[in-house]
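**Student:** Take this structure first; my questions come after.
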Amino acid sequence: MLKSVRNTPARILIVDDEPANIQVLAESLPGFDLRFATSATRALELAMEQAPDLILLDVVMPGMDGFDALRWLKAESRTQHIPVIFVTTMTEVEDEERGFAYGAVDYIQKPVSPAIVRARVRTHLELKRQRDLLEEHAALDGLTGIANRRRFDQELGRSWHAAQRSGLPLTLMLIDVDQFKRFNDYYGHSPGDECLRRVASALDHAFSRGEDLAARYGGEEFALLLAGADGASQAQRALAAVQALQIPHARSDSGLFVSISVGVVTTLAAPGTSADAAMSLADGLLYAAKNGGRDRAEVDNLITGERVTVQSLPSSELPS
Ligand SMILES: [Mg+2]
C-alpha cells in the first residue's frame, strides 16, 4: 500500500548544541511536532529514525559541525530529501554559499526573529508537501490506481538493501492475466480496462500488510513485493483473489473465468545476488506457469532449494 502524505502536524527536528537556542526556536514554532538534538551525531540518528519533514541545523557545534552533518544527510538515501535550514551566527557570505552548495534550502541568522523562523519554516514545509504529493502521484498507475512500475522498482531496490542488512527473506511475484489479448479481442478494450482495474484492486487488497506492495508492472502484468518466505501460500492467495472475482472469460483455455499465471521467487538477497537476477528468475517461472497450462504458480524458494507448482483451488474449497 502506498503511504499517504501526512495530515498530522509537520515534524521538525531542531539541532543546536546550546539548549537555550533550541528553546528560542521551539517557542517560535507552536503547533508543530518538534524533536530536538544537541549534537550532529544524535541529529543524524533522529533523522534516520523519525523522518522529520524539516531540519533546523546549527552550523557551529563541537565534534561534527553542521556542514558535515548536512553532507551526511544528503549522501544517505533515507534523509537526502529532507529540507535543511541552517541557523547560525556566522554572517560571512562564503559560509552561506557553502551551506547552499551542500544542499541547504535556506539560511536563518541568529539571533532569530520568531516571525521569520515561522515564515521560512512554513514556506519550506509547503514546498516539501507539494513535492511529496507530486511524487506520490508519479508513483501511481493511471489506469488502476495502484503503484506503478517505477514505484515498484524503487521499492524493490530499497527492500533488497534492507534485506541484505537484516538477513530476512523477501518474496517476489510476477503475475500475468491469462489470455488477456483474447479477452480484449472478444469483449472490447473498455471491459479489458475494467478487468485490469478489478484484478489490480483484488491484489492490492489481498496484499495490504505493512511492507507489502502490489504494482502494475506493464500491460496485463502485475508484480508483488512481499516480506517473508511463505511464497507458496502467498501464491495461493494471489490465485484465489483473482479467482474470487469470477470475471467471465469466454475465450479462456483454462476455465470459465479470468485467471492468472504467477512466477514466485523467495530469496535472502545474499551477497552475490541481485534484485534484477531475482526478477529475471520470477519472469522465467511465470513463463513456466504459462507453458504448464496457466492458472497456476511456479514457486522457487532459493533458501530451501524447494521448487513447487501451486494450482488454484476449486471454487468449492476457497476460504469464504
Ligand atoms: Mg552552536
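The numbers here are math on the coordinates, done by the rules we state, and not lab data. Small disclaimer: the values here were computed from a predicted structure and weren't measured. Reconstructed Cβ throughout: ideal geometry from the backbone, glycine too, with neighbour counts over all protein chains shown.
**Student:** Once you put a point 7 Å from the Cα of SER233 and another 7 Å from the Cα of GLU45, both along the Cβ direction, what distance in nm separates them?
**Tutor:** According to this spin-label approximation, the distance is 3.7 nm.
**Student:** What are the semi-axes of the equivalent ellipsoid for the chain, taken as the square roots of 5 times the Cα gyration tensor eigenvalues, largest first, in whole Å?
**Tutor:** 50, 21, 15
**Student:** For the stretch 151-212, take the alpha-carbon Rg, divide it by the Kirkwood Rh, and send me Rg/Rh.
**Tutor:** 1.13
**Student:** OK, next. Please figure out what share of the DSSP beta bridges in the chain is antiparallel and state it in percent, rounded to the nearest 5.
**Tutor:** 55 percent
**Student:** How far is it, in nm, from the label point at ALA75 to the one at GLU18 when both lie 7 Å from their Cα along the line to the Cβ?
**Tutor:** Once both label points are built, they end up 2.9 nm from each other.
**Student:** Continuing with the same structure: Once you have the Cα-Cα distance between TYR287 and PHE100, take 0.36 nm times their residue separation minus that, and quote the gain in nm to one decimal.
**Tutor:** Gain on extension, TYR287 to PHE100, equals 62.2 nm.
**Student:** How large is ³J(HN,Hα) for each residue in the stretch 153-162, as worked out from phi by the Karplus curve 6.51 cos²θ - 1.76 cosθ + 1.60 (θ = phi - 60°), to whole Hz, x for Gly and Pro?
**Tutor:** Going residue by residue, I get 4, 4, 5, 5, x, 5, 5, 5, 5, 5 Hz, with x marking Gly and Pro.
**Student:** Then there's this: To the nearest 20 debye, what is the magnitude of the charge dipole of the stretch 149-317 about its Cα centre, counting +1 on the Cβ of each Lys and Arg and -1 on the Cβ of each Asp and Glu?
**Tutor:** So the dipole magnitude of the stretch 149-317 works out to roughly 200 debye.
**Student:** Another one. Label-point separation (nm) for THR89 and ARG122, each offset 7 Å from Cα along Cα-to-Cβ?
**Tutor:** So the two model labels end up 3.0 nm from each other.
**Student:** Extent of the stretch 11-138 along each principal axis, from alpha carbon coordinates, in Å, largest to smallest?
**Tutor:** 40, 30, 28
**Student:** Just to verify a number: FRET efficiency for ARG165 and LEU256, C-beta to C-beta distance, R0 = 41 Å, to 0.05?
**Tutor:** 0.30
**Student:** Relative contact order (percent) for the stretch 11-138, with alpha-carbon contacts under 8 angstrom and 6 or more residues of separation?
**Tutor:** Reported relative contact order: 23 percent.
**Student:** For Cα pairs less than 8 Å apart in space and 6+ apart in sequence, what is the mean separation divided by the residue count of the chain, i.e. the relative contact order in percent?
**Tutor:** It comes to 14 percent, rounded to a whole number.
**Student:** At a threshold of 8 angstrom on Cα-Cα distance, excluding pairs fewer than six apart, so keeping six or more, what relative contact order does the stretch 100-241 reach in percent?
**Tutor:** RCO, the stretch 100-241: 27 percent.
**Student:** Quick one: work out Rg over Rh on the C-alpha atoms of the stretch 161-256, Rh as Kirkwood radius.
**Tutor:** 1.03
**Student:** Can you tell me the FRET efficiency between ASP193 and SER274 if r is taken as the Cβ-Cβ distance and R0 is 45 Å, rounded to the nearest 0.05?
**Tutor:** 0.85
**Student:** Mean shadow of the stretch 87-171, computed from the convex hull of its alpha carbons, in nm²?
**Tutor:** It is 9.1 nm².
**Student:** If the elastic network links every pair of Cα atoms under 10 Å, which of VAL24, VAL59, VAL264 fluctuates the most in the Gaussian network model of the chain?
**Tutor:** VAL24
**Student:** Something else about it: List the pair-distance distribution P(r) of the stretch 149-317, using every Cα-Cα distance, as the percent of pairs falling in each 10 Å bin from 0 up to the bin containing the longest distance, rounded to whole percents.
**Tutor:** Percent of pairs per bin, in order: 11, 42, 34, 12, 2.
**Student:** Could you give the length gained by full extension between MET64 and LEU313, i.e. 0.36 nm per residue of separation minus their alpha carbon distance, to one decimal place?
**Tutor:** 83.6 nm
**Student:** Please report LYS74, LYS128 as a ranked list, fewest other C-beta atoms within 10 angstrom at the top and most at the bottom.
**Tutor:** Listed from fewest to most nearby Cβ atoms, that is LYS74, LYS128.
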